[in-house]
1. Looking only at other chains, what is the average number of their beta-carbon atoms within 10 angstrom of each beta-carbon in B:142-154?
2. Compute, for the protein assembly as shown, the length of the dipole vector about the Cα centre, with Cβ point charges of +1 (Lys, Arg) and -1 (Asp, Glu) only. Units Debye, rounded to 20.
3. What is the P(r) of region A:481-604, as percent of Cα-Cα pairs per 10 Å bin from 0?
4. So for chain C, Kirkwood radius off the Cα pairs, Stokes-Einstein at 25 °C and 0.890 mPa s: how many µm² s⁻¹?
5. Just to verify a number: FRET efficiency for A:D46 and C:N174, C-beta to C-beta distance, R0 = 56 Å, to 0.05?
6. Between A:E571 and B:D39, what is the label-point separation in nm under the 7 Å Cα-to-beta-carbon projection?
7. Which angle between 0 and 90 degrees, to the nearest 10, do you get for helix C:92-105 versus the longest principal axis of chain C when only C-alpha atoms count?
8. If I model region B:137-274 as equal point scatterers sitting on the Cα atoms and use the Debye formula, what is log10 I(q)/I(0) at q = 0.15, 0.19, 0.22 Å⁻¹?
Amino acid sequence: MSRIGVFICHCGENIAGTVDCAKVAEVVSHLSGVAHSVDYKYMCSDPGQNLIKEAIKEKNLSGVIVAACSPRMHEPTFRRACAEAGLNPFLCEMANIREHCSWVHEKSDGTTQKAIDLIRMLVSKVRKNKPLYPIKVPVQRTALVIGGGIGGIQASLDIANAGHKVILVERDPSIGGHMSQLSETFPTLDCSQCILTPRMVEVAQHPNITLYTYSEVESVSGFIGNFKVKIRKKARCVDEKLCNGCGVCIQKCTVKKIPSEFDEGLGLRPAIYVPFPQAVPNKPVIDKKNCTYFIRGKCAACEKLCPTKAIRFDQQDEIIEADVGGIVLATGFTILNTDFFPEYGYGKYKDIITGLQYERLASASGPTLGVIKRPSDGKIPETVVFIACAGSRDSAKGIEYCSKICCMYTAKHAMLYKHKFHEGKAYVFYMDIRAGGKMYEEFVRRAIEEDHVKYIRGRVSKIYEEDGKLIVKGADTLLNHQPIEIKADMVVLATASIANQGAEELAQKLHVSYDSYHFFAEAHPKLRPVETNTAGIFLAGACQAPKDIPDTVAQASGAGSKIAALFSATEMTREPVIAVVHRTAPPIFSTCVGCFLCQSACPFQAIEREEIKARDGKVLKVVAKVNDGLCQGCGTCVALCRSKSIDLQGFTHEQMYAQIMAS
Amino acid sequence: MITIGYFPGCSLLGTAREYDESLRAIAPKIGIELVEIPDWNCCGATAAHSLNHTLATALPARILALAEKENLEEILVPCAACYNRLVMAQHELMSNEPLCKKVSDIIELDVKGTARPINILEALMKTSSNGLAQNISKPFNYTVACYYGCLLVRPPKVLQFDRAEDPQIMDEVMKKIGAVPIDWAYKTECCGAGFSVSKTDIVSKLSGKIIKDAVTRGAETIIVACPMCHSNLDMRRKDINQYNDSRYIIPVMYITQAIGLALGIDKKKLGLHRHIIPVTLPVKEKTTGKTQPALAVSERSASGGKTEVE
Amino acid sequence: MSYSLHHSTESNSLLYKVFENTGETVYKCYQCGKCSAGCPLSGDMDYAPSSVLRMIQLEIPELDSKVLSSYSIWLCLTCETCVTRCPQEVDLPKIIDYLRSESIEHKKVNPAAKDIIAFHKTFLDSIRTTGRLYEVGLIAGYKFRTFHLLQDVSVAPKMFLLGKLNPLPHIIKNRSAIEKIFRKSNRAHAGKEAEQ
């Protein structure tokens, strides 16, 4: 027997201004199944909530309807009140007579009647409500961090220091990312490696962190709290346990002239190499594509000379399986190369370089030991032109966004050039100066006022070579838009930051959304910048959008705290508004015929196969099963199922039809 | 033999006569049969699009409609300016239905967009794969500056022909006949366009820069595919040299003439005698294959070591 | 992105007319100056190309007037370098062509452009008459319009001797078709201008 209590809120004048609440309460009290019907000024207030609690106890209510604002506002409030009074919260629902009625109509009898109709429909539904109980999902308290740049490093340390285990996967032979390639960081001009390497070492030594370098994520399945990941540890051809980092193999390698990836092609490395001296782990890796042994079966000098016999040419890739509860994506970014620019020569001029290449020139441990030299002839350039916005903010080239970091690093580059070579001339062609961070504006002013870098507002139309110089054709829009031609010795393009290679594939493996630029999508641009729409997967750093180091570190710590919150208990609870497949007694077992239309439609991969077996193990039927950890209660499967064998708890067919038919 | 429609354009009847002559001379040898569009009219060139947009679309529309009437699928348009006008007009008509209707009413003909204008380089690329290299009897072993000008490659979104910056197709064709194209900075810089008569100084300035760069980088001749460019670089040479205080005598040839020479065709048939700057290409030294660039020698003197091209 | 100008306040500003007649939205231009940097003649113009767009953007009548009476719009070679490199894909040559018509319509043509327009007009007269350009007629007509009687006097004889100047014009058979095209186009052009 239904005993539903209906509470009509005035919401001040918001509802009472157009709906006659007293009349509504009176009419509703006569509805079949309604045992209590009152109206009150502010239901969400403490006294309002007490009205509900008292009525539940006094009148032994079997259900509660609060006719007020949108359930998005106060459903949790009223459900909590009911729970406190001993009524299952899922027997409490809200009729929206504000956004759906009083706010969209004028004061009239029709408006009052609509409010009555809405409540009547909901009463018919709530009569069929059943109590529901939260679902508990176990949580594996190990985190997977994908990407070992400063973002991944920070997130790993935060999670590990919170007492949880971390698996950090990095596809390069060493962690460190782009930050390890920089010479100095803005706005302090700290030596980048000096501030980074302590963190790198901390990661390597932390008891809670397991580091897999030269490794990639092969596959991910499962759901929040219960991910199953496979990591491919690529073969270094060096036994890491035996290797002591002495470096003899690197010195004696017979293939010495391979363009170094770490030096952005400006330096050379051998076929067996460590990307940079401060690499973590400091164990070499063999580049099979260029190693003589792998190409022709000859040489093997490293194997012969290694004092600890650590070289293993036959080493195979290893697949490592792990169970993790949460994942942090910190895969970083890459930048456009100079061959992207037709008007700047399609990359054929050696002395037109990218910002990262300039960092390697400026770096004390770089190919030129920190002296800025022209890649073409090794001479020190006397005039350097820096071009900001190369590729960014350019619809014609398909990159509309601003890459955020270039204004600052261009100022830094120009300053470093002037510091190293006082007589040199530095020009920066810019469109705007974006220096919004702390101490950023002061940094740029320093470049202009103290270091005498000449800033010209205008874009460069064309660069070509003449007599060993690069002719830069730009314009000064602050000086009558007149064309300015500069004969430069070197040009540095601040090329756009773009999503890293493989970002799309990784996002698809993890079922994480991404935008047209392949940056990973946050759950909400303002209020949820660290979460994705995939439960249990969080974002840190430039893989989400171009970002500088302070913001990356902040976001990484944010992701770390989300993981820590997720791991705060060994179980997590979920709302029970999920789909359920019909089950009944043998021999039918279920009206589900196993067509799995629902599985292909489910946006959250929440439908699984379930084999119903006889006692002897013979499979009698294969039906659909909903994973209660993943299902989000969207109802797509319910709409599609042709035999109506899957239903949504809290919004069953029976409930919905009752509500509709009562209209 | 492939049959292509042919739209010579006004200049090929007059100031660019040798372009028409050389094209007709090489056409049968490279497997093209030219079908001239009957009673074709002027495309309107710069004058029409500067003063009257409707007229500037209607005049090319008539040409396209006439080609369609002859069931021609492609129209070879050797003049780069006419080519640009025809492609741009066709693009506008096909993407703007009300405009297409209006223009069809004006010209009293329908334009369906089935006749595709192609430029000389596209035509040469098509046919060169039919064995241009095999028919070369006199390899064109000279260092050349391939000058594309503006209108063959821009605007890239509409023309979709070659790279807009540093295009390569003309260079490729010239390589096929044995030439050595240089990498230079003025491949697609404007020569001064239609200002030959009304603002000759501008032509002198802009064309002068082009010639200077070509000569400084060692070109022995400039190859063009546009009558206006040819006229500015060749006919206006006296003005250029006067304005720039220079003495450039580097010859300017149409690509069809260079190909004709390589195919062994007589130079009179190719109209080489019709240039203002005599087409004198240096004799190659056997050992180095290099000679002095054609610079700083008076126009009229014929010093030793230089002969008329055979 | 699609643009409409329903937020525009001045419906008879040049910006609005440019949009109506060419479909180009001048607001897209963010004044980077790349067009001015690459334009072969921006140094010779009174207003560089990006400056012209800036003047149109502000919808100030005095600036609109300056644009229409500028020399820049007549010096433009239509080399299409600007639009090829413009990051915002603003079709500047198309806008310039429209500004030329407007300039003539509103009788604001810059005096320095007199010869250029004389050349264009003579060119069109020649085509109208014979269907194809009669080069000798063009030169003669130009001299008549501009009184530059001695221009190119040295070049012309050589051109004749080389066979590159036809003494007589090529006249197409269907001359009346061309005459009709001119008449109807002029009417359409004038009608469009009158609408504004």
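1. Mean partner shielding for this stretch: 2.
2. 1840 debye
3. 10, 26, 24, 18, 13, 5, 3, 1, 1
4. Rounded to a whole number, D works out at 129 µm²/s.
5. Efficiency computed from Cβ-Cβ geometry: 0.05.
6. Going from the B:D39 label point to the A:E571 one covers 9.3 nm.
7. Computed tilt is about 70 degrees.
8. -0.72, -1.12, -1.38
Just so you know, all these numbers are worked out from the coordinates, no wet-lab data involved. What you see is a predicted model; the values in this text were computed from it and never measured. Here Cβ is always computed from backbone atoms with ideal geometry, including for glycine, and neighbour counts include all displayed protein chains.
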